[in-house]
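K.L.:
Here's a structure for you.
Since every read-out is calculated from the coordinates, none of them should be taken as a lab result. What you see is a predicted model, and the numbers here were worked out from it, not measured in a lab. Cβ placement follows ideal geometry from the backbone for every residue including glycine, while neighbour counts extend to all protein chains displayed.
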Amino acid sequence: MVPQRVSLLTIGAFDLPALRSFYKGLGWEETEISSDDYAVFKTAGVLLSLFPVPELAKDAGIEIAQSIDSYRPVTFAINVESPDQVDDVIESIRRAGGKILREPSDAFWGGRTSYFADPENNLWEVAWNPSSVFDERGGMISF
């Protein structure tokens, strides 16, 4: 049986120092395992790591042909507890140098959402869902 959980998400970094700096600029705390070659950030329940693209490809035994300029077909999400928080979070991301792709707006499904890209064009959504439930650490447990 495969455990039903996500423990760690790794983003392949083309420029690890710049990408690491961006996430630190968001105010995110790194773990003690972070080094010049690998960065790991604490989030509510899942660790987010940054690993150089060539090393990630070597570790997985594949070739990665994408460039820093292309968007990747994966979206990460930061879910928040209120509609106003979407706007506040996006402003913080804008100040940290994030590229706002879609300004905060009310969603057809009753929530509020916005999209941004980090310096390497990884897509992030900031969303409020009126039916989301969070645990004591801020991790979303249902929506």
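K.L.:
Taking 8 Å as the Cα distance limit and 6 or more residues as the minimum spacing, I'd like the relative contact order of the chain as a percentage.
P.N.:
22 percent
K.L.:
Treat each spin label as a single point 7 Å out from the Cα along the C-beta direction, and report the residue 63 to residue 24 distance in nm.
P.N.:
It is 3.5 nm.
K.L.:
Between (i) -0.58, -0.81, -1.00; (ii) -0.45, -0.83, -1.16; (iii) -0.53, -0.79, -0.98, which matches log10 I(q)/I(0) by the Debye sum over Cα atoms at q = 0.11, 0.15, 0.18 Å⁻¹ calculated for the structure shown?
P.N.:
(ii)
K.L.:
Kindly list the residues of the range 72-97 that lie in the label zone of residue 143, defined by a backbone N under 13 Å from the point 7 Å along the Cα-to-C-beta vector.
P.N.:
From the range 72-97, the list is 75-83, 86.
K.L.:
If you don't mind, another one. Which of the aspartates and glutamates could a cross-linker span from residue 58 if the Cα-Cα distance has to be under 19 Å and same-chain partners fewer than 8 positions apart are dropped?
P.N.:
Output for residue 58: 15, 36, 37.
K.L.:
Sticking with this one: Cβ under 10 Å from residue 112's Cβ, residue 112 left aside: what net charge do those residues give with Lys, Arg +1 and Asp, Glu -1?
P.N.:
With Lys, Arg at +1 and Asp, Glu at -1, the neighbours total -3.
K.L.:
If you take the beta carbon distance between residue 55 and residue 92 as r and set R0 to 25 Å, what does 1/(1 + (r/R0)^6) give as a FRET efficiency, to the nearest 0.05?
P.N.:
The computed FRET efficiency comes out at 0.25.
K.L.:
Another question, then. Around residue 72, which amide H atoms from residues at least 5 apart in sequence, or from another chain, sit under 5 Å from its own amide H, with H modelled in the peptide plane?
P.N.:
Counting only residues 5 or more places away or on other chains, the set is 123.
K.L.:
For residue 125 and residue 82 in one chain, what is 0.36 nm times their gap in residues minus the Cα-Cα distance, to one decimal in nm?
P.N.:
Full extension from residue 125 to residue 82 adds 14.0 nm.
K.L.:
According to a simple spin-label model (label point 7 Å from Cα along Cα-to-Cβ), what is the distance in nm between residue 34 and residue 132?
P.N.:
In this crude spin-label approximation the distance works out to 2.2 nm.
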